[in-house]
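Notes for the one structure printed next.
The values are calculated or read from the model by the stated rules, or taken from the named source; none is laboratory data. Since this is a predicted model, take the numbers as computed values, not measurements. Counting neighbours? That spans all protein chains shown, and the Cβs are built from the backbone with ideal geometry, glycine included. Ligands, DNA and RNA are stripped out before the accessible areas are found, and what is left, the full protein with its side chains, is counted by its heavy atoms. Shrake-Rupley method; radii C 1.70, N 1.55, O 1.52, S 1.80 Å.
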Amino acid sequence: MKLLITGGHLIDPQENQNSGKNLLIQDDKVVAWLGQNETAPKDAEVFDATGLIVAPGFIDLHVHLREPGQEHKETIRSGCASAIAGGFTSVCPMPNTSPVNDNAAITRYMIEQAEHAALANVFPVGAITKSSDGTELAEMGEMKAAGAVAVSDDGRPVPNAGMMRRAMEYAKDFDLPVVDHCEDKSLSSGGVMHEGKLSLLLGLKGMPALAEEIDAARDVLLAKETGAHIHIAHISTKGAIDIVRRAKNEGINVTCEVAPHHFTLTDKSVEGYDTNTKMSPPLRSEEHLEAILEAIKDGTIDAIATDHAPHHADEKALEYDRAPFGITGLETAVGLAFERLIHTGIIDLARLVELFSTNPAKIFRLKNRGTLKVGSIADLTILDPDLIWTYKNADSKSKSKNSPFDDWNFTGAAVATLVGGKIVYQNIKNK
């Protein structure tokens, strides 16, 4: 099967490509870049991308697909359907399933379920410790052999520095990035929003920025000592950003990601006690949001990741103190990036592709992804920067509808998603 993407503007930061090119795909590979006046094979199916941006497939480094064990919130199939609707060709689910993804059997199960769904690629993140309880290292080598691309204990960050050091040394042997949700629980325990003036006014227990920053500093020092690759998940504070920036300047192997809600909303959004504004890390104050925008602009932040965290409506309907942390994010990430980053002039389209595709592929060592070079896997995200649309929770492909962005209007969206050379999602008519 041959597919020709014609008339589009191709952006591939890895190949320094930012111009009009036609893209020829055969089966699941990119086989040629053609000038727009070059003769194309007559037996190829044609996709007219005139006026659209053709980019390497977007990769979300941080999602929660809930399967196995919490299928009432999300399944791998429904999560992948949400992913491709948002323009993501690949997602990396965290290990906080039930049971925890701390062994090769669960890793294989997740990949097999994704293969059956035949929507987005799934690259699981395995646990650092067995059951993510922080006491005994999981079998990282076996999980990697089964398909895991990184290790993390996610929302249950390893509290013991000695254990984290051993984890980094072990992960380095298998060339696995260590992903940490930086939070010193002794400082944040019981908190439900950012600690500051608003938490006092609202009568809610706060989670201080310091809790994130202390763990980030510890992880960077351990990475320096061990030579391991530490990846800071959903960075949200000015202090943590400063720590990462200094570490990069020193040549320490550290990368970080940011979630769209952290460059869009502040703790002021909590004033109505809408539990869809409750996440961890929490929405921070304006000072931290401004630091995030600067870090996206100057390259300190490497990737945008959604931290897609579906919860059943009944759980989110509880009081703010009792409701679970987390929001869905796969279908709003690209729209928020256009609104907050592109249309405001903070970054350009090439940097957007770098944040969503090029860098995520590098961070998790996903070979032949994050690029459209000849021979690469034909995962593509096709963008329309001018499309005006409205996100509605009711229309989400996810099983859960816990987004604070219900009825938000956007300009700019992913309008087609191709995985392995096949169009798996499209919300435009082929011209």
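So for segment 311-319 (the condition being surrounded by 16 or more Cβ atoms within 10 Å (Cβ to Cβ), under 27 Å from THR390 (Cβ atoms) and in contact with a His (Cβ under 7 Å, 6 or more places away or on another chain)), does at least one residue qualify? Scanning segment 311-319, I find at least one residue that is surrounded by 16 or more Cβ atoms within 10 Å (Cβ to Cβ), under 27 Å from THR390 (Cβ atoms) and in contact with a His (Cβ under 7 Å, 6 or more places away or on another chain), so the answer is yes. Restricting ILE84, ILE76 to those that are farther than 17 Å from GLY421 by Cβ and either touching a residue at least 24 places away in the same chain (Cβ under 8 Å) or among the charged types (D, E, K, R) (or both) reduces the list to ILE76.
Among the residues of segment 203-253, the ones that are under 18 Å from MET164 (Cβ atoms) and polar (S, T, N, Q) come to 2 in all. None of GLU257, GLU286 is more than 17 Å from CYS182 (Cα to Cα), among the charged types (D, E, K, R) and touching a residue at least 12 places away in the same chain (Cβ under 8 Å) except GLU286. Just to verify a result, which residue in segment 203-223, among those that are in contact (Cβ under 8 Å) with a residue 60 or more places away in the chain and of a type in the set (A, V, I, L, M, F, W, C), is nearest to ILE235 (Cα to Cα)? Filtering segment 203-223 for residues that are in contact (Cβ under 8 Å) with a residue 60 or more places away in the chain and of a type in the set (A, V, I, L, M, F, W, C), the one nearest to ILE235 (Cα to Cα) comes out as ALA209. I'd like the full set of residues that are part of a helix (DSSP H, G or I) and either within 17 Å of the chain's Cα centre (by Cα) or not small (Gly, Ala, Ser) (or both), limited to segment 128-153. Correct list: LYS130, MET140, GLU142, MET143, LYS144.
What about ILE25, is it more than 21 Å from the chain's Cα centre (by Cα) and under 30 Å from THR411 (Cβ atoms)? Considered against the rule, which asks whether it is more than 21 Å from the chain's Cα centre (by Cα) and under 30 Å from THR411 (Cβ atoms), ILE25 comes out as yes.
Condition test on ARG369, is it open to solvent by 50 Å² or more (accessible area, probe 1.4 Å), touching a Pro at 6+ places or on another chain (Cβ under 9 Å) and under 16 Å from LEU61 (Cα atoms)? Quick ask: steps written out before the conclusion?
Numbers: open to solvent by 50 Å² or more (accessible area, probe 1.4 Å): no; touching a Pro at 6+ places or on another chain (Cβ under 9 Å): yes; under 16 Å from LEU61 (Cα atoms): yes.
Judged against the criteria, ARG369 is not a match.
Mind listing just one residue for me: the one in segment 1-22 that is under 27 Å from the mean Cα position of the chain (by Cα) and without any contact (Cβ under 8 Å) to a residue 60 or more places away in the chain and, of those, least open to solvent (accessible area, probe 1.4 Å)? First the steps, then the outcome.
Narrowing segment 1-22 to residues under 27 Å from the mean Cα position of the chain (by Cα): 5, 8-19.
Within this subset, residues satisfying the condition of being without any contact (Cβ under 8 Å) to a residue 60 or more places away in the chain are 9, 16, 19.
Values: HIS9: 65, ASN16: 140, SER19: 37 Å².
Step by step, filter segment 1-22, then rank; the result is SER19.
Among the numbered conditions (1) modelled with pLDDT of 95 or more; (2) over 24 Å from LYS297 (Cα atoms), the only one that ASN430 does not meet is (1). Restricting segment 349-398 to residues that are in contact with a strand residue (DSSP E or B) (Cβ under 9 Å, 6 or more places away or on another chain) and small (Gly, Ala, Ser), the residue that is nearest to THR332 (Cα to Cα) is SER398. Only residues that are among the hydroxyl-bearing types (Ser, Thr, Tyr) and on the phi < 0 side of the Ramachandran plot were counted in segment 127-147, giving 2. The C-beta contact set for segment 388-405 (first residue over 18 Å from VAL63 (Cβ atoms), second residue open to solvent by less than 20 Å² (accessible area, probe 1.4 Å) and not in a loop (DSSP other than H, G, I, E, B), distance under 8 angstrom, 6+ apart or interchain) comprises ILE388/PHE410; TRP389/GLY335; TRP389/PHE410; TRP389/ALA413; THR390/PHE410.
Looking only at segment 325-360, count how many residues are assigned to a loop (DSSP other than H, G, I, E, B) and either in contact with a Phe, Trp or Tyr (Cβ under 9 Å, 6 or more places away or on another chain) or touching a residue at least 40 places away in the same chain (Cβ under 8 Å) (or both). Before the answer, list the steps.
The initial filter retains those residues of segment 325-360 that are assigned to a loop (DSSP other than H, G, I, E, B), namely 325-332, 343-348.
Next, only the ones that are either in contact with a Phe, Trp or Tyr (Cβ under 9 Å, 6 or more places away or on another chain) or touching a residue at least 40 places away in the same chain (Cβ under 8 Å) (or both) stay: 325-332, 343, 346-347.
Counting residues in segment 325-360 that are assigned to a loop (DSSP other than H, G, I, E, B) and either in contact with a Phe, Trp or Tyr (Cβ under 9 Å, 6 or more places away or on another chain) or touching a residue at least 40 places away in the same chain (Cβ under 8 Å) (or both) gives 11.
The residue that is farthest from SER376 (Cα to Cα), among those in segment 1-22 that are touching a Leu at 6+ places or on another chain (Cβ under 6 Å) and in a loop (DSSP other than H, G, I, E, B), is GLY8. Give just the number: which of (1) open to solvent by 10 Å² or more (accessible area, probe 1.4 Å); (2) touching a residue at least 40 places away in the same chain (Cβ under 8 Å); (3) touching a helix residue (DSSP H, G or I) at 6+ places or on another chain (Cβ under 8 Å); (4) not hydroxyl-bearing (Ser, Thr, Tyr) does LEU137 not satisfy? The single condition LEU137 does not satisfy is (2).
Please enumerate the residues belonging to segment 43-61 that are of a type in the set (A, V, I, L, M, F, W, C) and within 15 Å of the chain's Cα centre (by Cα). Spell out the reasoning first.
We begin by selecting, within segment 43-61, every residue of a type in the set (A, V, I, L, M, F, W, C); these are 44, 46-47, 49, 52-55, 58-59, 61.
Once the filter is applied, which keeps residues that are of a type in the set (A, V, I, L, M, F, W, C) and within 15 Å of the chain's Cα centre (by Cα), segment 43-61 yields PHE58, ILE59, LEU61.
One residue stands out in segment 222-246 among those that are crowded, with 21+ Cβ neighbours inside 10 Å and of a type in the set (Gly, Ala, Ser): the one that is farthest from LEU293 (Cα to Cα), namely ALA228.
Of the residues making up segment 279-310, those that are open to solvent by less than 20 Å² (accessible area, probe 1.4 Å) and touching a Cys at 6+ places or on another chain (Cβ under 9 Å) are PRO281, ALA295, THR300, ILE301, ALA303, ALA305.
Any chance you could count how many residues in segment 247-265 are assigned to a loop (DSSP other than H, G, I, E, B) and open to solvent by 10 Å² or more (accessible area, probe 1.4 Å)? Reasoning before the result, please.
Taking segment 247-265 first, the residues assigned to a loop (DSSP other than H, G, I, E, B) are 250-253, 259, 264-265.
Narrowing further to those that are open to solvent by 10 Å² or more (accessible area, probe 1.4 Å): 250-253, 264-265.
Counting residues in segment 247-265 that are assigned to a loop (DSSP other than H, G, I, E, B) and open to solvent by 10 Å² or more (accessible area, probe 1.4 Å) gives 6.
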